[in-house]
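Data first, discussion second: the structure below is written as structure tokens.
Every read-out reported here was derived from the displayed coordinates using simple, explicitly stated rules and does not represent laboratory data. Because the structure is a prediction, the values reported are computed rather than measured. Glycine also receives a Cβ, built like all others from the backbone with ideal geometry; neighbour counts cover every protein chain displayed.
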Amino acid sequence: MRKKIVAGNWKMNTTPSAGKQLAEEIASQLKDGFNADEVILCPPFTHLYQVGEEIKQNDKIFLGAQNIHTEDFGAYTGEVSAPMLKDLGVDYVIIGHSERRQYFGEDDLLLRAKVEKALEHGLKVIFCVGETEDEYNRNHSEHVVKRQVISALFTLEPEQFADVVIAYEPVWAIGTGRTATPEYAQKMHAFIRQLVVQRYGEETAQNTSILYGGSIKPNNAKDLFSQPDVDGGLVGGASLNANSFVEIVRQI
């Protein structure tokens, strides 16, 4: 059955020393156990080694990166590759976040290449999908999400797809304080799971974790996580405070 997962996306926040302390606080508060199958911390590239050191004693806390390049090595100044991340002990990589799509022009074909590269090197993928506010207002949510899922993921072989976690993040709810209602989140998660059924079959779909992202906080996490097709969350701002992030983890 699918895993219950809570991931924290720190984005471009904290310094390496502050990130080390944050990871230490989270690991300390979770040392006595938690119900989620996995907790994933995704700090900036500069923090990966220190954060990894702080969490390595807990076999249910994993290390994630926020992006990768499509090539292993080469003249790509400022980029970070899958082999580099793997050698650092990274377990997961976020691909397709709306901020990468919006600010850096990453399209479906590029994201497909990134997914394939990550999986080639044994990294698991948290693949983000979601509609903008304009697309939501025009009732295009399902059309957009379907395109994103099919274009980037459905060329994978079943054994590759088994290492993919999908994160549904409505763009209009990311960092805005607005959150999809639990009912709307459930509707979209069920829609995504049905897409997986159609491509890979019921068993694979029931083993695929689908996370919700978009202004998750301690006061709304429980209602979101209680939905039958919501398997956890990709947490942004609330993951930058150990107490709030741990409280969200404990809601699952």
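Give, rounded to the nearest 20 debye, the magnitude of the charge dipole that the range 1-111 has about its Cα centre when Lys and Arg contribute +1 at Cβ and Asp and Glu contribute -1 at Cβ. Walk me through the numbers on the way to the answer.
Values: 11 positive and 17 negative charges, 65 e Å.
Charge dipole, the range 1-111, about its Cα centre: 320 debye, nearest 20.
In summary, the lysines within cross-link reach of K114, defined as a Cα separation below 17 angstrom excluding same-chain residues under 8 places away, comprise K86, K124.
Taking Cα centre as origin and charging only the Cβ of basic (Lys, Arg, +1) and acidic (Asp, Glu, -1) residues, the dipole magnitude of the chain rounds to 420 debye. The alpha-carbon atoms of the range 5-249 define a convex hull whose volume equals 118 cubic angstrom per residue.
In this structure, M1 and E133 have a Cβ-Cβ separation that, at R0 = 41 Å, corresponds to a calculated FRET efficiency of about 0.75.
About the centre of its Cα atoms, the range 42-171 shows a dipole size close to 60 debye [charges on the beta carbon of Lys, Arg (+1) and Asp, Glu (-1) only; nearest 20 debye]. Per residue, the convex hull spanned by the Cα atoms of the range 136-252 measures out at 103 cubic angstrom.
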